[in-house]
Amino acid sequence: MIKNKFLFILFSVLFIFSCSDDEGADYIPPGNETPETIQASFTYTVSETDPHVLYLDNTTEGNGDFNSIWNYGLGGDNISDVPGLIEVRYDNEGEYTITLYVIFDGLTTTATQTIRVDENGICPNGFCGSGGSESLKAAATTFAVGTISRSSWLNAGGQHTEILKSEFNSITSEYEMKMNIMYPTQDSYDFSAADAIVGFAQANDMHVHGHALIWHNATPTWVENFTGTDAEFEAMVKDYITTTVTRYKGKVRSWDVVNEALDDSSGHPLRNSVFKQKMGDDYIKKCFQFARDADPDVLLFYNDYNMASSSTKRAAMFKLVDNLGDLIDGVGGQMHISYNGPSATQIQSLADGVVSRNLKLHFAELDIRANPDNDLTSLTNDRSEAQRAKYKEVVAIYNSIPLENKFALTVWGVRDNESWLIDFWGNPEWPLLFDSGYNKKPAYYGYLEGLQ
Ligand code: G3I
């Protein structure tokens, strides 16, 4: 028995050394393990007495004998695991990927984590910056750091509320400041949820970005089925915008007056919404005028998606914006993107077009899909690091625009499991800065790195 076990371990170790990369013959990509495999996992801590020393802890769990092999990312041979913590020195500045291979029943699973070393030693959480313990809003000194929330979550008092207060200084209502919520019937407004959000923001010294006065996807049914004349329809819209903007004058810093007016079909015509049908093609300008008349100081935005990825839709947006003249203050690019696109060049093109028009730029609904091709069932380290790099890229582009064009960068959610993307696309997704346990992800540190 002993001999067989020795041969088994020898084969396994030889098997690992023979694999030029993770894709060995029996390699099981993370998240694709079958029940009988054992998933490698490990944690690390930086020595409190020597910042160049890392302690590795093999946290793999499973029934049965399995064999563990380390690669410390230092270019040396793989090392067999030993009981207890493993001490590794990283003296030279750079980025190192640590890999743990676990072999069980002839199958190998892996876990990888990336660390970074700067002149001060191993960077906490992989973030080599000023401390890394400061908040997003403290690090972003030239623009508002935004996210979304819901009235039911704001005062729940839990970690959601605490993170809102500690990390962000701008709040957008995910859905409760839209027409279908604020104006549910022709005879009544319901500002209760909006009031709660605005009240929370005022109590916590946060901006409110109003989203969105007019959106074809959040139009009340009674408006869609309006039976009056076109003139009566326009008067109703004017009353709604005037009432809403006036109510929050001095409390809401900015409004998306119109959201997603452009169709995705060839030439990007205006969507044939009930507003276009009953108020004409210039309904957008009319709505901006209603809002401007209600509050001369509020910042007025046009908001839409695929503004970076689609050059044709971006061009159509700029044509729409140019037609608004001085009625508009800024453009919201929603930034629902992926770890692998759109490119930095495409994102920069959006920024350049807004800046060249002397308008404010709002990266309004940033989330970065880690699983756009549905090839993952869990967030791997590699994909998490790629997502981190994309957050760094997007934040760096935003942070590089001129001060006068800066407004806010809003992420569309706090923690991964609350993202709209999961239901929308129907596959696992981890697009935000915090995981489902409210833990900062590498993406969070990528945001901070984008500010350096
Ligand atoms: O919270 C209530 C719940 O109490 C109720 O039981 C349930 C069923 O009625 O509804 C829940 O509210 C839903 C809310 O999402 C929270 O899940 C609303 O019905 C639903 O309409 C709302 O959808 C929002 C959607 O816009 C429409 O307003 C999404 O959260 C929100 O992420 C999404 O955001 C849009 C932006 O505004 C514009 N850009 C695209 C983006 C994604 O679609």
Identify the residue in segment 254-274 that is farther than 18 Å from residue 311 by Cα and in contact with a Ser or Thr (Cβ under 8 Å, 6 or more places away or on another chain) and, among all such residues, is farthest from the ligand (Cβ to nearest atom).
274
Taking the stated definitions as given, is residue 326 at pLDDT 95 or above, within 16 Å of the ligand (Cβ to nearest atom) and out of contact with any Asp or Glu (no Cβ under 8 Å at 6 or more places or on another chain)?
no
Identify all residues within segment 270-286 that are within 12 Å of residue 216 (Cα to Cα) and assigned to a loop (DSSP other than H, G, I, E, B); write none if there are none.
271, 272, 273
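Each row is one residue, and each column tells you yes or no for (1) within 16 Å of the ligand (Cβ to nearest atom); (2) within 19 Å of residue 439 (Cβ to Cβ); (3) among the hydrophobic types (A, V, I, L, M, F, W, C); (4) in contact with a Leu (Cβ under 7 Å, 6 or more places away or on another chain).
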| site | (1), (2), (3), (4) |
| --- | --- |
| 359 | no, no, yes, no |
| 376 | no, yes, yes, no |
| 384 | no, yes, no, no |
| 395 | no, no, yes, yes |
| 404 | no, no, no, no |
| 415 | yes, yes, no, yes |
| 418 | yes, yes, no, no |
| 424 | yes, no, yes, no |
State the number of residues belonging to segment 437-452 that are of a type in the set (Phe, Trp, Tyr) and assigned to a loop (DSSP other than H, G, I, E, B).
1
From the options 171, 148, residue that is without any contact (Cβ under 8 Å) to a residue 40 or more places away in the chain, closer than 28 Å to residue 296 by Cα and within 15 Å of the ligand (Cβ to nearest atom)
171
Please determine whether any residue of segment 426-436 is assigned to a strand (DSSP E or B) and not basic (Lys, Arg).
yes
Those residues of segment 134-152 which are surrounded by fewer than 21 Cβ atoms within 10 Å (Cβ to Cβ) and touching a Ser or Thr at 6+ places or on another chain (Cβ under 7 Å), in sequence order
135
Filter pass, residue 201 being away from the ligand (no atom under 12 Å from the Cβ), touching a Phe, Trp or Tyr at 6+ places or on another chain (Cβ under 8 Å) and not aromatic (Phe, Trp, Tyr):
no
Checked 426, 332 against criteria (over 14 Å from the mean Cα position of the chain (by Cα) and buried (at least 24 other Cβ atoms within 10 Å of the Cβ)); the one match is 332
Heads up, the helices (runs of 4 or more DSSP H) in segment 125-221 (entirely inside) with at least 2 residues that are of a type in the set (Gly, Ala, Ser) and at pLDDT 95 or above are 192-203
Based on what the data block shows, is residue 421 part of a loop (DSSP other than H, G, I, E, B), over 23 Å from residue 166 (Cα atoms) and modelled with pLDDT of 95 or more?
no
If you scan segment 214-231, which residues turn out to be of a type outside the set (A, V, I, L, M) and farther than 16 Å from residue 185 by Cβ?
215, 216, 217, 229, 230
Among the numbered criteria (1) away from the ligand (no atom under 16 Å from the Cβ); (2) farther than 22 Å from residue 257 by Cβ; (3) in contact with a Leu (Cβ under 9 Å, 6 or more places away or on another chain), which one does residue 153 miss?
(1)
Among the candidates 112, 141, single out the residue that is hydroxyl-bearing (Ser, Thr, Tyr) and in contact with a Pro (Cβ under 9 Å, 6 or more places away or on another chain).
112
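The values are calculated or read from the model by the stated rules, or taken from the named source; none is laboratory data. Since the model is a prediction, treat every value here as computed from it, not as a measurement. Cβ sites come from the backbone with ideal geometry, for glycine too, and all protein chains shown count toward neighbours.
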